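Please read the structure below before turning to the comments.
Computed from the coordinates by the stated procedures, all read-outs in this text should not be read as laboratory data. Note that the structure is predicted; figures quoted are calculated from it, not measured. Cβ coordinates were reconstructed from backbone atoms using ideal geometry, including for glycine residues, and neighbour counts include every protein chain displayed.
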Amino acid sequence: MSSAHWEFPQSVQPKPGDYAFDIDQALSAVVGLSAVIPADAFTAEILGTERAGNGVLIRNNVVLTIGYLITEAETVWLTLFDGRAVPGTVLAYDQETGFGLVQALARLDVTPLSLGSSGGARIGEAVIVAGAGGRKHSLAARIVSKQEYAGYWEYVLDEAIFTAPAHPNWGGTAVIGSGGDLIGIGSLQLQQAQGQGTAAHLNMSVPIDLLKPILNDLLTIGRPNHPPRPWLGLYATEVEDKLVIAGLAKSGPAARADLRVGDMVLAVAGTKVDSLGGLFRRIWSVGHAGVEVPFTIYRDGRTFEARVTSTDRSRLLKGPSLH
């Protein structure tokens, strides 16, 4: 694991006296995770064939992580607090939340971390952003905001958790709340502009409350038990007050419909869209995967209508998402 080569200075590590729970026991539930993905996998080009991060034991032999680490993985290894390496297998990956589940294929003898309430977490609350390896790889942090996050890859969280300072090995970190339970899973590192041209680094985490309604489905059938959202293979960005197509998934529905990089999206199904979150929510409101999505596009001085036949993204992926 890459985290073995560095550690935080003691000044920013969590200190036992600052928390009303046994931090070492809580941190022992955080494991290292490494995955190998086939070279011909759909996500190999973007996310790579070797991925490493963290995961959290949430029940006996079940590890919760951020899904991009394990999407299409053929091999998964978990590294425990005591240094043992244990093989795992992918149980599930949920496109909508971004959560992934791994089953350990050997006994872990570790106390799982209970699920807390991300909705009840407060801005300013002291939290631990925990990587595998205990205090040396964990960070005393605070929740600096809870707000919408829209990702260019057709992804929206209504209320993501943002923490600072930022953990440099953020993927799959455990955000442990003041009650000693799990309130989020680390997903991204972002920059937030500050005064005098400086930028602060933040971690964005997926709130744990999104897992609770789908956890049983993920454990039993490998996916949420409802029809998948339409996926277009469209990477969009906000440029000033305009929505612009910044990229297209190779051979994805949007590329097949001849949408192009640089196209400006004016409306979806007759409704004007003016934010990234609004764009994706409007696409999802048209229907389930497979529905035809009408767009109003501006390109090279002209406005025209385009229709994109969506698909279920999981059909393009190797692994448990095909259950």
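As a proxy for reagent exposure, ranking Lys136, Lys212, Lys146 by other Cβ atoms within 10 Å from fewest up yields Lys212, Lys136, Lys146. A simple rule links phi to the HN-Hα coupling: the Karplus curve 6.51 cos²θ - 1.76 cosθ + 1.60 with θ = phi - 60°, which for region 113-126 gives 8, 6, 7, x, 10, 6, x, x, 5, 10, 4, x, 5, 6 Hz, with x for Gly and Pro. Each other residue within a Cβ distance under 15 Å of Asp22 adds +1 if Lys or Arg and -1 if Asp or Glu, for a net charge of -1.
Along the axis of the charge dipole computed for the chain (Cβ charges of +1 for Lys and Arg, -1 for Asp and Glu, origin at the Cα centre), the listed residues Ile161, Leu232, Val31 are led at the positive end by Leu232. Overall size of the chain from C-alpha positions, given as principal axis extents largest first: 63, 49, 33 Å.
Count the lysine pairs in the chain whose Cα atoms lie under 25 Å apart, taking only pairs 8 or more positions apart in sequence or on different chains.
So the count works out to 7.
Comparing Cα centroids, region 50-75 and region 28-48 end up 9 angstrom apart. Among Gln103, Gln147, Gln25, the residue with the largest mean-square fluctuation in a Gaussian network model of the chain, with springs joining Cα atoms closer than 10 Å, is Gln147.
GNM on the chain, alpha-carbon springs under 10 angstrom: the most fluctuating residue among Asp181, Asp274, Asp312 is Asp274. In degrees between 0 and 90, to the nearest 10, how far off the longest principal axis of the chain does helix 276-285 point, with axes built from Cα atoms? Here the helix axis deviates by roughly 70 degrees. Amide H to amide H, with H built 1.01 Å from N, Val293 comes under 5 Å of Val308, Thr309, Ser310, counting only residues 5 or more places away or on other chains. The smallest convex shape that holds all Cα atoms of region 126-209, its convex hull, gives 101 Å³ per residue. Cα centroid separation, region 260-299 to region 121-170: 30 Å. Here, region 234-312 is characterised by an Rg to Rh ratio of 0.92, where Rg is the alpha-carbon radius of gyration and Rh the Kirkwood radius.
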